[in-house]
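Each value in this text was obtained by applying a stated rule to the coordinates, not by laboratory testing. Being a predicted model, the structure only gives us computed values, none of them experimental. Because the Cβ atoms are built from the backbone with ideal geometry, glycine has one as well, and the counts that use them run over all protein chains shown.
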Amino acid sequence: MTRARLIKLVLSLAAPVLALVAAFAITSLVLVVAGDPAGDVWSTILSWPEERNLANIIKNATVLYLSGLAVAVGFRMNLFNIGVDGQYRVAAFTAAVVAGEAWLPGYLNTAFAIVCAMAVGAMWAGIAGVLRATRGVSEVISTIMLNSIATGLVAYLLRRVAEREEGSNQIGTKEIPEGSRIPNISIGEGPTSEIYGFIVIAIAAGFLFWFVLNKTRFGFDLRATGQSTTAAVASGISVKKMTIVAMLISGAVAGLVGLPILFGSAYTYGSTFQSGLGFAGIAIALLGRNHPIGIAVGALLFAFLDEQSNPLQILVGVSPDIVAITQGVIVLTVVISYELIRRYAVRLEQREVARALERPTTPAPEEAKA
Amino acid sequence: MSVPATATGVVDPVATKTRGRLPRYWIVLALLGAMLALSLLRVVTGADDLTSSGTIAATLIAIVPIMLAGLGGLWSERAGVVNIGLEGMMILGTWGAGYFGYHHGPWAGVAGAVLMGMLGGLVHAVATVLFGVDHIISGVAINIIALGAVQYLAALTFSDLEGGGQTQSPKIGDVQSLTIGPLSDGLKDVEDKDLFFVSDLAALLRALCTNLSSLVILSFLLLIVTWFVLWRTSFGLRLRSVGESPAAAESLGVKVLRYKFSAVLVSGALAGLAGAVLAMVASSNYRDGQTGGRGYIGLAAMIFGNWRPGGLLAGSGLFGYTETLGLRQGGTSVHAMLLALAVLALFLGIWQVRQGQRVTGAVIVGVGALVAALWFTIDTVPSDFTGMTPYIITLLVLAFASQRLRMPAADGQIYRKGSAG
């Protein structure tokens, strides 16, 4: 028993390690072919981050984590929510407007804005959910279209409500009043080593994700529908309803993605609000195998690579975009290495069974199956 | 779109045979019909840019990248591999055109773009066909990798060149283009006379014989070649059989994986060529973010076209045209399109009600009424919205037509060798 379990543990750890090694190898190959110093690049990236960088990594990871979580909700039901990008931008814009208007005092205002963001994110994703459930439109295409529509819509609305910031060409929503901002948490000295207070909500969201999916009837239904539609139908689950609900939840979580930035550092939604977080979320959800802790690891890794690559241009003279290659390759190698390890494990198991069958005196063939 | 589905879902086989097939030259009829409708719209609303030869020429250039991306999607999905990585392969193509085009001349740029696109296709083929990675995951990964790779390569190769930079290449030469001078001038006279339909047709013909890029001609030839190869040769028959039922194909001796692999490579090459058109015909250098989601639009055009070349052409025509209207003083033209949309929705709704689909019909009529109300209340469409037009049209089309579409039966499924047993 112990030996089989040990092999299983080693194999499950081997997959992500193999994926990382392969991704690093491929990136190094690109660097070498392009004539850039691969060694210097890696020693810059893989150095231990300073406190300031560490804070930035955790800040970015918080945002990426929420994005990964939003994608993972859909993945659990075999839905590809590629539209997290559009959903969080529409939602963050709404939250910025609501919080900036400050109809309610203090943290009530914050809470109301967060709820609004989640509702708008859910609605935006819900369009794709309804189209999929009632009209059979692939959510992959519809969410991509909704991303582009969101870009135009937010740009238009921003121009309608925006105020011009003093001394710059950028436009943004009204600033969120001091009393409704979410205070940052310090992990060291000075304002540069602060992380978003929103991290508490992110962790809570991760826990809720795990609890709802693994410990409730609803979560069971959702996973069952994802694994086998026919089985789900046979056990009385309405697949259409589950599709819409899963997209709504995914969109609601997506609505949270931009909020740490909004309430923790930007305080306003402007034309330069960070975009592209949704696509990183897809990669992170895959990397973390749709498990809340795995997603956290993936988010930290992506944030680490992003932060550590920043000084590359100055120190080594290499464009920091090189880590985008690493990040993309990781997505592929993770999936491939899990598949390879799975095939290997199956072969190992078959060999074990065969050996057990050859020796009729051995009493326990089920040992091998464990 | 062609097969009328009855309310009960049972289709009379005889009726299908006689009514279901459109005549072979339907695409020509559709084009003439569209021109007629547009010239009617032009006369009614006074939005003269709807059918000017400038608009049509710009539309042709806008159509080609979308159509080529869609063709790429057609090749790979007909062999059963969903290719959402077209966008990334196009991005690779734009860089290839910029780099090789600058150093070795325009046609080397085209070849470079095709090769870079094929490289993307190779990654997709290895991941999906050999390793059985989910097609959409692989496609998303390729889009991430391609974007990063191209930004990295652009910074590496273009920043030190004159006129180049981190995000753009120096100017690259254009490929030859074709002008039939006297014909073009004669047609211009007809176009300027402002006759109903005749002038619009003249504008179309003038756009076709004035400054027509050879890459555009090549692309339309490739559409025909694709149709011929996939539907008129035994190679194509086998390729499509792999997309419909790989197990059956393998049991007949078709090398399933080999066909899938080559289809995805061709798909990448076409997407790369689409990138070349963007960099060399639609503009004159590589620029960061040049593709602007056209790979996805191409995929949508292919779905709109029911996984057929003719339909794909119609789809890319629709998207290319609306994109062009959005760019050229789009407010008035898109405003005019609202009227067309309202009328179309009205007819479609009434037709649906007559078919017995009361609810759907009522919804469509309601949407049409809303659009009509919008047309009366505003004079011009804000520029942010004109840019959204192709995406909204895609959503609407998919929402109302997706049940009539039939994708290859084994599209998106992972096939492992020997599954036939």
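The B:ASP49 and B:THR233 beta-carbon pair, evaluated with R₀ = 51 Å, returns a calculated FRET efficiency of approximately 0.75.
Its residue count N sets the reference 2.2 N^0.38 Å, and the alpha-carbon radius of gyration of the stretch A:155-284 equals 1.42 times that reference.
With a point put 7 Å past each Cα toward its Cβ, work out how far A:THR229 is from B:GLN357 in nm, to one decimal. Modelled inter-label distance: 1.9 nm. Name the residue, out of A:ASN310, A:ASN81, A:ASN56, whose mean-square fluctuation peaks in a Gaussian network model built on chain A with Cα pairs under 10 Å. Its mean-square fluctuation being the largest, the pick is A:ASN310.
The separation of the stretch A:43-90 from the stretch B:66-101, counted between C-alpha centres, amounts to 28 Å.
Amide hydrogen proximity for B:SER213: with H placed 1.01 Å from N in the peptide plane, the residues at 5 or more positions away or on another chain lying under 5 Å are B:LEU178.
Checked against a 30 Å cut-off, the cross-linked pairs A:LYS8/A:LYS215; A:LYS8/B:LYS417; A:LYS59/A:LYS174; A:LYS215/A:LYS240 all give Cα-Cα distances at or below that limit. Shielding by partners for peptide A:334-340, expressed as the average number of C-beta atoms from other protein chains within 10 Å of each residue's C-beta, is 4. Please determine, in degrees from 0 to 90 and to the nearest 10, the orientation of helix A:51-76 with respect to the longest principal axis defined by the Cα atoms of chain A, where the helix direction is its Cα long axis. That helix lies at roughly 70 degrees to the long axis. Extension gain for the segment A:ALA111 to A:THR216, taken as residue separation times 0.36 nm less the Cα-Cα distance, is 35.2 nm to one decimal. When the Cα positions of A:LEU312, B:LEU318, A:PHE93 are compared along the charge dipole of the protein assembly as shown, B:LEU318 comes out farthest toward the positive end, with charges on each C-beta of Lys, Arg, Asp and Glu. From its DSSP helices (H runs of at least four residues, each -39,500 (n - 2.57)), chain B gives a residue-normalised ellipticity at 222 nm of -23000 deg cm²/dmol. For chain A, the longest principal axis of the alpha carbon atoms and the long axis of helix A:2-34 meet at an angle near 60°. Dipole orientation for the protein assembly as shown: of the candidates B:GLN357, B:TRP107, A:ALA202, B:GLN357 has the Cα lying most toward the positive pole (charges on Cβ; Lys, Arg +1; Asp, Glu -1). Dimensions of the protein assembly as shown from C-alpha coordinates, computed as largest minus smallest value along each principal axis and given longest first, are 88, 74, 61 Å.
Mean-square fluctuations from a GNM of chain A, with a 10 angstrom spring cutoff on Cα atoms, peak among A:ILE82, A:ILE293, A:ILE284 at A:ILE293.
The stretch A:210-351 has equivalent-ellipsoid semi-axes of 34, 25, 11 Å, by the square roots of 5 times the alpha carbon gyration tensor eigenvalues, sorted largest first. For chain A, the alpha-carbon radius of gyration amounts to 1.11 times the rule-of-thumb value 2.2 N^0.38 Å expected for a compact globular protein.
Helix A:322-358 axis versus longest C-alpha principal axis of chain A: approximately 20°, rounded to the nearest ten.
Normalising the average separation of contacting C-alpha pairs (under 8 angstrom, six or more residues apart) by the number of residues puts the relative contact order of the stretch A:28-144 at 22 percent. A helix-only calculation puts chain A at -24000 deg cm²/dmol for mean residue ellipticity at 222 nm, using -39500 (n - 2.57) for each DSSP H run of at least four residues, averaged over all residues. Share of pairwise Cα-Cα distances greater than 18 Å in the stretch B:54-120 is 46 percent (whole percent). Helices assigned as whole DSSP H runs in chain B whose Cα atoms extend at least 24 Å along their own long axis and whose mean Kyte-Doolittle hydropathy is 1.6 or higher are found at B:26-45, B:135-158, B:214-232, B:358-377.
Between B:ALA30 and B:GLN176, the FRET efficiency estimated from the beta carbon spacing at R0 = 30 angstrom works out to 0.50.
Subtracting the Cα-Cα distance of A:ARG3 and A:VAL200 from 0.36 nm times their residue separation leaves 67.0 nm of extension gain.
Shown here is the pair-distance distribution of chain B: with all Cα-Cα distances grouped in 20 Å bins from zero up to the longest one, the shares run 25, 55, 20, 0 percent. Put the Cα centre of the stretch B:134-172 next to the Cα centre of the stretch A:138-155 and the gap is 23 Å.
Cα convex hull, the stretch A:1-149: 249 Å³ per residue, rounded to a whole number. Springs between Cα atoms under 10 Å define the GNM used for chain B, and in it the highest mean-square fluctuation of B:GLY368, B:GLY268, B:GLY139 occurs at B:GLY368.
Reported to the nearest whole Å, the Cα centre-to-centre distance from the stretch B:238-308 to the stretch A:242-287 is 31. Taking only the Cα atoms of the stretch A:67-195, the radius of gyration and Dmax are 17.3, 55 Å. Note on chain A: with charges restricted to the Cβ of Lys and Arg (+1) and Asp and Glu (-1), its dipole about the Cα centre is near 1680 debye. For B:LYS193, a cut-off of 19 angstrom between C-alpha atoms picks up these aspartates and glutamates, skipping any fewer than 8 places away in its own chain: B:ASP48, B:ASP49, B:ASP185. For the peptide B:377-389, the mean number of other protein chain Cβ atoms found within 10 angstrom of a residue's Cβ is 3.
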